[in-house]
Amino acid sequence: SQTIHQWPATLVQPVGSPLSLECTVEGTSNPNLYWYRQAAGRGLQLLFYSVGIGQISSEVPQNLSASRPQDRQFILSSKKLLLSDSGFYLCASGVIYTGELFFGEGSRLTVL
Amino acid sequence: AQSVAQPEDQVNVAEGNPLTVKCTYSVSGNPYLFWYVQYPNRGLQFLLKYITGDNLVKGSYGFEAEFNKSQTSFHLKKPSALVSDSALYFCAVRDKYSGGGADGLTFGKGTHLIIQP
């Protein structure tokens, strides 16, 4: 099965600072990759997904961007963080045939 | 379009009693259905899935779910609840004939399961 590594696990950043969250995948090749944000321990909001290197689709307009420089690496970035960017960010890798997702342990971002 | 409804924000069950977490879905074709569990400050963990075959699916930690096509439901069940089952549970659906990317899984809003000692 797949293993998803995310780092850092927690991050406290001032408003206006840059952001980089990283995600790497083991145990598969050419996966679909996803970034979700979860607010206040509830529902998941899909932010970005990627079906291949350099291919990024955004689901919602926002202050964030994503990149996929390698097959099993997915990065979430921001040039200038906003207070509203605070949340729990989850990276996931998908099984193409069934759509089943494997999740990382998440990165908690607090913007002050 | 596909959608998932988890009608209960929270379910409270006494330890040792059976538990049910409800999920209904809507897809245009045949569904693939999933349950995930999330413990505080952790990622989502896969519990079980229905792809095809037997309508009763058994998964991790003694959980099971029954696919009911006529009622478009996929309720999560366990015969005897443990305090350690307390967590946030997500139901998810995918249309069998949809692709990856944004046509992937659609998640419900989650149900907090609280098992009281």
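Read-outs: derived from the displayed coordinates by stated rules, not from any lab. Just so we're clear, the structure is a prediction, and the values are computed from it rather than from any experiment. Cβ coordinates were reconstructed from backbone atoms using ideal geometry, including for glycine residues, and neighbour counts include every protein chain displayed.
Points to keep in mind about this one:
- Karplus 3J(HN,Hα) series, Hz, for segment A:53-59 with 6.51 cos²θ - 1.76 cosθ + 1.60 (x for Gly, Pro): 4, x, 9, 10, 10, 9, 8
- 23 Å tail of the calculated P(r), the protein assembly as shown, as % of Cα pairs: 48
- As a size descriptor, the averaged projected area of the C-alpha convex hull of chain A was calculated at 6.5 nm².
- 5 Å binning of all Cα-Cα separations within chain B, expressed as whole percents from 0 upward: 2, 13, 23, 25, 19, 11, 5, 2, 0
- Calculated from backbone phi, Karplus (6.51, -1.76, 1.60) coupling profile of segment B:25-36 in Hz, x at Gly/Pro: 9, 9, 9, 7, x, 8, x, 9, 10, 9, 10, 10
- Taking amide H as placed 1.01 Å from N in the peptide plane, A:L44 has no amide H partner under 5 Å among residues 5 or more places away or on another chain.
- Order of A:V60, A:V25 under a 10 Å beta carbon neighbour criterion, fewest first: A:V60, A:V25
- Spatially proximal lysines relative to B:K78 (Cα-Cα < 19 Å; intrachain offsets below 8 disregarded): B:K22, B:K49, B:K58
- Counting only residues at least eight positions apart within a chain, or on another chain, the aspartates and glutamates with an alpha carbon under 12 Å from that of B:K109 are B:E8, B:D9.
- In order through segment A:6-23: 3J(HN,Hα) via Karplus (6.51 cos²θ - 1.76 cosθ + 1.60), integer Hz, x for Gly, Pro: 10, 7, x, 6, 9, 8, 10, 10, x, 4, x, 7, x, 9, 8, 10, 10, 9
- Over segment A:25-67, all Cα pairs binned in 10 Å intervals from 0 give whole-percent P(r) values of 26, 48, 24, 2, listed from short to long.
- Positive-end residue, chain B charge dipole about Cα centroid, Cβ charges, pick of B:V21, B:S80, B:C91: B:C91
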